[in-house]
Amino acid sequence: MNISQENITQIPEIILKKLGQEATREELQLLDDWLAQSEQNRSLYRKLLHRKNLTLIEKEYKIIDDDEAWKKIISKIDTQKTTPVRQLFRKALKYAAILAIPLAVASYFLIHNLSNEDSVATFAELEKQISELKESSLITDEGEVVLLQSESNESIVEIDGTQIHHKDSTLLYNEEEKIEEIKYNSLVTPRSKVYNVVLADGTKVWLNASSAIKYPVSFVGDIRKVYLTGEAYFEVAHDKTKPFIVSTSQMDVEVLGTTFNVMAYPEDQTVETTLVTGQVKIRTDKSKLLLEPGMRASLDKETQLLDKNEANTDLITSWRFGKYVFEYENLEGVMSKLSRWYDVDVSFANLEKKNIHFSGTLFKYHDINETLHIIELTTNVKFENIENSITVN
């Protein structure tokens, strides 16, 4: 089926909608008809789907002289003076639409994402900082490392053009200061450390152990986007004009104003988002879903399958209050959390013991041997702790 020339100007918008999985059945049919028209259309579409090409495409089309391009279109029309005016106008729209498609799609990714290579580099750098730093640290836009002391008096420092209040285990960015140039800071917590930050828009973030978050010192543009590896709890300041996006290496979480927990440790098999209040939109490369309060979205990294189920939000967010609450969780997951908090290495003498389940409350600031003894009392295991290396027997 041939697509009408009047409808060809809808193609850029339909491509954008399909990328966001928001296109209707009729729009998808229109796109299929356009693709079926020619190999040129199909080739252009395939090229656009490769993110690594989008920035290059956008640069290529930015150098187009609009006036010169339009003169060429008019010239093509003038060579066919016998063609009815309506048909000529359709041809003009066709040429304009072909120019618009790469710009529209490239703009979509430039607004909503870093390029794929930049995104990979961002998370690799955050993970590297976690492994290298032994104290909670603030990384400036220039790469300077500022060590943070948890037990500190209130102080005010100026970093990357904005004032930051620092007291105890909290950083507070000056909400009134606005800068036009985007500059990023990163907050890094090693094992056994937690830290809080209040971003420039008023969003509160609790960062768990072995985690890092990269964020603008002041939000510029139409979206508020941060990058997370590890685990964090968010209370997002409501702003219906600027969606807030938490980007991990495997999924993006988009909200307007709500509270939720994201767990995205690189060594874990899954990436999880648990919603406490409000509503969030989960996006991966292959799927998307809406999450309601009391629900958890889980992405399997290997299969890329995205699923959701009911969750005990008090249990999942208990780490913010100095404890871990477990409800029939396998011992492998329990020991993974304790390993990050107590800064110890864990190994299983018998791999079958990983599947033993544990329920109970463990207090993070208790001595590790006391914590291990509580687990021993309720499971059929014994722990051997030698120089911060724990073996499960």
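The values are calculated or read from the model by the stated rules, or taken from the named source; none is laboratory data. Given the structure is predicted, the values throughout are model-derived calculations rather than measurements. Because the Cβ atoms are built from the backbone with ideal geometry, glycine has one as well, and the counts that use them run over all protein chains shown. Remember, those area values only see protein heavy atoms, side chains included, never the ligands or the DNA or RNA. Shrake-Rupley method; radii C 1.70, N 1.55, O 1.52, S 1.80 Å.
Worth pointing out:
- Some residue of the range 379-392 being of a type in the set (Gly, Ala, Ser), open to solvent by less than 70 Å² (accessible area, probe 1.4 Å) and more than 21 Å from Lys134 (Cβ to Cβ): no
- Taking each residue of the range 108-134 that is farther than 18 Å from Arg191 by Cα and of a type outside the set (A, V, I, L, M) and looking for partners that are open to solvent by less than 60 Å² (accessible area, probe 1.4 Å) and modelled with pLDDT under 90 with beta-carbon atoms closer than 6 Å, six or more apart or interchain, yields Tyr108/Leu16; Phe109/Leu54; Ser115/Thr55.
- Scope the range 286-303; condition closer than 30 Å to Pro190 by Cβ and surrounded by fewer than 17 Cβ atoms within 10 Å (Cβ to Cβ); matching residues: Asp300, Lys301, Glu302
- Scanning the range 230-242 for residues that are under 14 Å from the mean Cα position of the chain (by Cα) and hydrophobic (A, V, I, L, M, F, W, C) returns Ala232, Phe234.
- Leading residue by the ranking (farthest from the chain's Cα centre (by Cα)) among those in the range 243-266 that are open to solvent by 40 Å² or more (accessible area, probe 1.4 Å) and free of Cβ contacts under 8 Å to residues at least 40 places away in the same chain: Leu256
- Summed over the range 330-361, residues that are at pLDDT below 90 and open to solvent by less than 50 Å² (accessible area, probe 1.4 Å) total 1.
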